[in-house]
Amino acid sequence: MRRMSDDSTTQPHALLEGRLGYEVESALLARALTHRSFAYENGGLPTNERLEFLGDSVLGLVVTDTLYRTHPDLPEGQLAKLRAAVVNSRALAEVSRGLELGLFIRLGKGEEGTGGRDKASILADTLEAVIGAVYLDKGLGAASELVHRLFDPLIEHSSNLGAGLDWKTSLQELTAAEGLGVPEYLVTETGPDHEKTFTAAARVGGVAYGTGTGRSKKEAEQQAAETAWRAIRSAADEAARADAASA
């Protein structure tokens with residue numbers, strides 16, 4: 001994904017604000033869009049990580065409140081699974097892609113060169129930071145409206161989005177049920193110490209069913225497990241449909 005040309009600092013912000021539906025204080029929005037790789041290469045500018053932390057909490061609150069009210073009879077464990085299916089990194093990255101958020105992120109040259117503008121973890125983190133910026137500048141009502149507008153379609157279909165809560169556990173349960181064996185994870189790491197990227201491959205019975213990347217080994221393994229879970233579940237569902245059709 002190519003970055004939008006920087007004729008000015010306000011035009012890209014105005015385009016993003018149009019998609020968000022809110023004008024956000026310029027310096028605050030710029031910080032929300034500043035990845036740590038850009039900050040590191042430009043003399044230690046403030047990064048979006050504090051805003052990401054805040055936005056994660058705002059997003060979690062709004063989604064949790066909605067699920068609680070929408071499903072009055074579900075126990076806590078099921079509600080937690082539905083929430084995790086809505087706010088996992090893959091779901092956030094897809095919402096970010098719908099906004100073309102990658103066009104606006106301030107990335108360092110190294111991260112830019114490795115496709116960082118479409119990296120799921122970066123897109124997810126930046127979206128949370130933007131939500132945090134909207135919350136600080138416009139308040140909880142505006143942030144809640146934004147979350148609903150972006151995530152309500154996922155909330156409505158959360159029961160069909162997969163296990164979500166702990167993909168490694170869910171994958172192990174699924175492979176046991178299908179008689180495929182115990183999943184294994186092969187993890188590699190790249191990049192300098194301050195900017196490591198982990199890549200994991202989830203293998204079952206010697207076959208790689210999914211890969212994932214993240215800023216930690218745990219995040220990469222969870223993404224790989226999610227991809228593998230979806231692949232195996234899809235294959236199992238397809239086989240079941242074929243058996244039913246031939247019966």
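Below are the figures for this structure:
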{"read-out": "Odd one out for L174 among (1) surrounded by 18 or more Cβ atoms within 10 Å (Cβ to Cβ); (2) under 19 Å from E94 (Cα atoms)", "value": "(2)"}
{"read-out": "The lone exception for G141 - which of (1) in contact with a Gly (Cβ under 6 Å, 6 or more places away or on another chain); (2) free of Cβ contacts under 8 Å to residues at least 12 places away in the same chain it fails", "value": "(1)"}
{"read-out": "Residue list for the stretch 218-242, filter: among the acidic types (D, E) and either at pLDDT 90 or above or not assigned by TED's automatic domain parsing to the domain that holds V187 (or both)", "value": "E221"}
{"read-out": "Selected residue (only one of S216, S246, S234 is in contact (Cβ under 8 Å) with a residue 12 or more places away in the chain, among the small types (G, A, S) and either surrounded by fewer than 16 Cβ atoms within 10 Å (Cβ to Cβ) or at negative phi (or both))", "value": "S216"}
{"read-out": "Residues within the stretch 78-131 that are acidic (D, E), surrounded by fewer than 20 Cβ atoms within 10 Å (Cβ to Cβ) and closer than 20 Å to E17 by Cβ, tallied", "value": "1"}
{"read-out": "Yes/no for L79 being over 15 Å from V130 (Cα atoms) and either at pLDDT below 95 or in contact with a helix residue (DSSP H, G or I) (Cβ under 6 Å, 6 or more places away or on another chain) (or both)", "value": "yes"}
{"read-out": "Test: residue in the stretch 159-167 that is modelled with pLDDT under 95, in a loop (DSSP other than H, G, I, E, B) and among the acidic types (D, E)", "value": "yes"}
{"read-out": "Which listed residue, of R31, R50, is under 20 Å from S144 (Cα atoms), at pLDDT 95 or above and out of contact with any Lys or Arg (no Cβ under 6 Å at 6 or more places or on another chain)", "value": "R50"}
{"read-out": "All positions within the stretch 199-213 that are more than 21 Å from A176 (Cα to Cα) and surrounded by fewer than 22 Cβ atoms within 10 Å (Cβ to Cβ)", "value": "T199, T213"}
{"read-out": "Residue within the stretch 30-43 that is under 22 Å from the mean Cα position of the chain (by Cα) and of a type in the set (F, W, Y) present", "value": "yes"}
{"read-out": "Residue among R69, R149 that is within 25 Å of Y22 (Cβ to Cβ), without any contact (Cβ under 8 Å) to a residue 60 or more places away in the chain and out of contact with any Ser or Thr (no Cβ under 9 Å at 6 or more places or on another chain)", "value": "R69"}
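The values are calculated or read from the model by the stated rules, or taken from the named source; none is laboratory data. These figures come from a predicted structure and were not determined experimentally. Counting neighbours? That spans all protein chains shown, and the Cβs are built from the backbone with ideal geometry, glycine included.
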